[in-house]
1. Taking region 33-50, which residues are modelled with pLDDT under 95, hydrophobic (A, V, I, L, M, F, W, C) and surrounded by fewer than 14 Cβ atoms within 10 Å (Cβ to Cβ)?
2. Could you please give the count of residues in region 52-62 that are modelled with pLDDT of 90 or more and touching a Ser or Thr at 6+ places or on another chain (Cβ under 7 Å)?
3. What are the residues in region 3-26 that are of a type outside the set (D, E, K, R), part of a strand (DSSP E or B) and in contact (Cβ under 8 Å) with a residue 24 or more places away in the chain, if any?
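The values are calculated or read from the model by the stated rules, or taken from the named source; none is laboratory data. Owing to the predicted nature of the structure, the values given are computational and were not obtained by experimental measurement. Virtual Cβ from ideal backbone geometry, glycine too; neighbours counted across all protein chains shown.
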Amino acid sequence: MTPFERPDRRCPKCEHNRYMFRARRTIDGKPDEGKFVETKYRCQSCSHDWWERIPAPPEMRKTDTSGAA
């Protein structure tokens, strides 16, 4: 298994590369766009907060493991 590598993400205000995770939420986009995941970050240098939005991964279907036929 490969170790986690932090993405090359920078503060949009000061371009500093040190930040903290603050929050994450899934939101519904427009009907033709689908769902998105919004993640909030805070710059450790200037304390600027910003949100990044990416498309949500497809939902996994739950399999029935109860054994009922």
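1. Scanning region 33-50 gives no hits.
2. Residues that pass the stated criteria total 1.
3. TYR19, MET20, THR26, listed by residue number.
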